[in-house]
Structure formats: structure tokens, C-alpha cells
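Heads up: the structure comes next, in C-alpha cells.
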Amino acid sequence: MLFIYFEKIKIERLQNILMRPAILFSLLLSLSGLSLIVALFSGSIPVLVSDLSVIYTGQAANTAQQVILELRLPRVFGGFITGGLLALAGCLMQVLLRNPLADPYVLGVSGGAAVAAMLAILAGFSGILLSGSAFIGALLAMLLVFGLAHGQGSWTPTRLLLTGIVLASGWGAVISFILALSPDESLRSILFWLMGDLAYVESSQHAAIILFIGLIVSFSIARSMNIMVQGEQQASALGVEVGQIRFFIYIVASLLTASAVSLAGSIGFVGLVVPHLIRLMGVTDHRILLPAATLFGGALLTFADTLARTIIAPETLPVGVISAALGVPLFLYLLYRGQGYKSK
């Protein structure tokens with residue numbers, strides 16, 4: 001008992017240290033930089049530090065230049081952006097539900113975006129048309145979740161969560177139906193994309209812009225979100241425009257999810273794991289939580305993709321397999337504890 005008491009004191013002291021924004025963001029920035037460096041140097045083809053120093057001068061070997069600029073750099077940057085998109089979307093959805101078990105994957109929003117994106121791919125769409133289709137699918141999925149959960153009465157966070165899980169299963173059935181009708185030559189690439197795959201990422205600049213805009217918009221309503229997690233009635237009594245804030249969260253979360261899905265496919269549990277781990281550090285203020293989760297989400301998915309590329313090299317795994325391996329145990333742990341949304 002005495003050992004448990006002292007361990008609890010150590011954890012509380014660590015939380016008090018990490019709650020300091022300067023320390024927290026210094027650690028997260030260092031972790032993000034480390035994840036990018038490790039990802040660039042890891043792989044079946046070795047790359048030396050000297051290759052990086054001369055790569056932009058045109059003096060690097062052709063192999064190293066192709067590996068870094070054409071293969072790893074787009075994939076690493078795309079993975080970091082995708083992780084940030086999913087983590088930020090998870091934070092926003094957890095505010096809507098006031099429940100740490102909410103994320104785009106569990107609520108079926110990723111499934112809706114994936115169905116729309118698959119239909120767009122089979123129709124020959126790409127670029128902005130693919131992203132727009134995924135956004136419409138994500139928005140439709142979110143509207144279905146909240147509309148069906150509301151029914152003829154008021155919705156509750158638990159009812160929303162259960163409705164999202166059921167609809168996620170429904171989207172899975174639709175995806176299976178589309179796969180059954182898909183041509184054989186494109187089946188393998190579609191399957192990898194559905195499991196979350198960064199191998200075909202060529203440009204993620206548009207997703208980076210969406211992430212930046214989403215973070216700015218979310219940060220602008222962070223104070224209101226701090227109040228909303230206490231309950232909508234209390235928030236309304238304190239002058240928060242609950243309906244307007246919820247509308248902003250609908251749109252921003254759908255856009256973030258759609259961008260992530262169109263960039264890297266359906267990657268689960270990042271939006272669930274990352275915000276909760278940041279909260280375990282003692283961070284509850286969304287002005288700190290939102291950017292911190294974005295950085296941590298990017299670093300986590302970058303490390304996960306590096307592991308997916310190297311664990312059975314030269315073969316690669318879909319990064320969604322690694323993220324699920326990390327997310328499922330934590331999800332079950334949260335269900336076991338039955339922990340609700342808490343905020344100071």
C-alpha cells in the first residue's frame with residue numbers, strides 16, 4: 001500500500017510538470033522531430049547522414065536522392081499530417097459526445113468517407129474530386145449518426161456512441177459489397193488503402209493546409225469547448241452559443257476526417273488514443289490539448305508507419321494494422337474502466 005501511495009505521488013508530480021505548456025510542447029516538438037528523422041533513415045535501403053547534407057546540392061547519389069525525395073519524404077510528411085488530422089478530429093468529436101471513446105473510426109465517420117472515396121476512385125476521380133467525395137461521405141455519416149441517435153427525443157453521449165458503432169458496421173458491409181464488385185487488378189491496392197496505407201502518398205500539401213485551418217478554427221472556439229464538456233445546459237447558461245459551436249465542430253471534424261481518409265485510407269484509433277494520452281498527462285484545457293494532440297498524433301503515426309515499413313522489410317504492412325494494434329488494447333481498457341469525459 002505504501003508503494004502504491006508513493007507511485008501515485010510520482011505520477012501526480014509528473015503530471016504537474018507536463019501540464020506546463022512550455023515543457024509539454026518542447027517534449028512534443030522534440031518527439032515530432034525525432035519521429036521524422038527516424039522515419040527518413042529507416043528502411044530496407046540504407047541512407048547516410050552525409051547523403052542528407054548534400055542531397056539538395058545535387059551531389060548525392062542518385063539512389064539516395066530518389067529514396068529520400070521521391071519515396072520517404074512524401075510518405076513521412078503525409079503520415080505526420082494524417083496523424084495530426086485524425087488526432088484533432090478525435091478531440092473535436094470527444095467534445096461533441098463528452099466521451100473519450102469517440103473518434104472518427106468508432107463513430108463510423110471514417111467508414112462513410114471511405115465508402116464515398118472508394119466510389120470516387122472507381123469512377124476515376126482523383127485530387128480535389130476525391131477529397132470532396134470523402135468530405136461529403138464523412139459529413140453524411142456524421143449527420144446520420146446524430147440524426148438517428150436523436151430520434152424522437154434528445155440524444156445522449158452513450159446513445160450517440162452506440163449508434164456510431166452500429167453505423168460503422170453498416171459502412172463496413174457497404175465496403176465489402178463494393179470490394180466484391182471491384183475489378184481484380186485494383187483489389188489489392190484498394191484493400192491496402194482501406195487498412196490505411198501511406199505507400200501511394202505523393203503530395204499532402206492540401207491536407208496540410210486543411211489541418212492548419214482546422215487547428216486555427218478549433219483553437220478559436222477552445223474556450224467554449226472547455227465549457228461545453230461540462231454540459232450543454234451549463235454552457236448555454238454561461239452564454240455559449242451551443243448550436244453554433246456544434247455546427248462548427250460538425251463541419252471541421254468532417255473535413256479533417258475526409259482529408260485523412262482521402263490521403264491515407266481508413267486508419268483507426270489514432271483519434272481515440274492520442275487525446276486520451278494527452279489528458280493522462282493532466283492536460284484538460286483545449287487551448288493546449290488541441291495543438292498538443294495534433295503534434296503527438298503526427299509523431300505517433302509517423303513512428304507507426306516506420307514500424308510498418310521495417311518490421312518485415314523489405315515487405316511493408318499497412319500502417320492501419322500498427323495503429324489498430326496500439327489502439328485496441330487502450331480502447332478495451334477505457335471500456336473496462338468506464339471512464340467518462342472529465343474536464344477541469
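A few points about this structure:
- Candidates ILE216, ILE221 - the one that is within 17 Å of TYR250 (Cα to Cα) and touching a residue at least 24 places away in the same chain (Cβ under 8 Å): ILE221
- The range 291-320: number of residues that are in a helix (DSSP H, G or I) and either of a type in the set (Lys, Arg) or under 14 Å from GLY79 (Cβ atoms) (or both): 19
- The residues of the range 77-113 that are closer than 21 Å to ILE213 by Cα and among the aliphatic types (A, V, I, L, M), listed by number, are ILE81, LEU85, LEU86, ALA87, LEU88, ALA89, LEU92, MET93, VAL95, LEU96, VAL109, ALA113.
- Among the numbered conditions (1) surrounded by fewer than 21 Cβ atoms within 10 Å (Cβ to Cβ); (2) within 19 Å of the chain's Cα centre (by Cα); (3) not acidic (Asp, Glu), the only one that LEU289 does not meet is (1).
- SER176 surrounded by fewer than 13 Cβ atoms within 10 Å (Cβ to Cβ) and not in a helix (DSSP H, G or I): no
- Checked against the criteria, THR294 counts as at pLDDT 85 or above and closer than 29 Å to LEU40 by Cβ.
- Within the set LEU307, LEU300, LEU326, LEU330, the sole residue that is in contact with a His (Cβ under 9 Å, 6 or more places away or on another chain) and not acidic (Asp, Glu) turns out to be LEU330.
- Flag for VAL273 being in a helix (DSSP H, G or I) and either crowded, with 24+ Cβ neighbours inside 10 Å or under 12 Å from the mean Cα position of the chain (by Cα) (or both): yes
- Taken residue by residue, the range 120-142 has at least one member that is assigned to a helix (DSSP H, G or I) and closer than 26 Å to LEU277 by Cα.
- If the condition is being part of a helix (DSSP H, G or I), surrounded by 19 or more Cβ atoms within 10 Å (Cβ to Cβ) and either more than 24 Å from the chain's Cα centre (by Cα) or at pLDDT 75 or above (or both), then the range 191-214 contributes LEU194, ALA207, ILE210, LEU211, GLY214.
- Some residue of the range 300-318 being under 23 Å from ILE23 (Cα atoms) and either surrounded by fewer than 24 Cβ atoms within 10 Å (Cβ to Cβ) or at pLDDT below 85 (or both): yes
- Test: residue in the range 154-170 that is farther than 28 Å from TYR333 by Cβ and either within 18 Å of the chain's Cα centre (by Cα) or part of a helix (DSSP H, G or I) (or both): no
- Checked against (1) surrounded by 14 or more Cβ atoms within 10 Å (Cβ to Cβ); (2) within 21 Å of ALA293 (Cα to Cα); (3) basic (Lys, Arg), ARG159 passes all but condition (2).
- Of residues in the range 103-134 being hydroxyl-bearing (Ser, Thr, Tyr) and surrounded by 24 or more Cβ atoms within 10 Å (Cβ to Cβ), the one farthest from LEU191 (Cα to Cα): TYR105
- The single condition among (1) farther than 29 Å from VAL321 by Cβ; (2) free of Cβ contacts under 8 Å to residues at least 24 places away in the same chain; (3) not in a helix (DSSP H, G or I) that GLN233 does not meet is (3).
- Candidates LEU167, LEU143, LEU88, LEU139, filtered to the one that is surrounded by fewer than 21 Cβ atoms within 10 Å (Cβ to Cβ) and modelled with pLDDT of 80 or more: LEU143
- Of all residues making up the range 236-247, the number that are assigned to a helix (DSSP H, G or I) and without any contact (Cβ under 8 Å) to a residue 60 or more places away in the chain: 7
- Positions within the range 248-269 being assigned to a helix (DSSP H, G or I) and farther than 21 Å from SER203 by Cα, in sequence order: PHE248, ILE249, TYR250, ILE251, VAL252, ALA253
- Pair list, Cβ under 8 Å, 6 or more apart: the range 77-104 residue closer than 15 Å to ILE165 by Cβ, other residue among the hydroxyl-bearing types (Ser, Thr, Tyr) and assigned to a helix (DSSP H, G or I): ASN99/THR158; PRO104/SER110; PRO104/THR257
The values are calculated or read from the model by the stated rules, or taken from the named source; none is laboratory data. Since this is a predicted model, take the numbers as computed values, not measurements. Ideal geometry is used to build each Cβ from the backbone, glycine not excepted, and the neighbour counts take in all protein chains shown.
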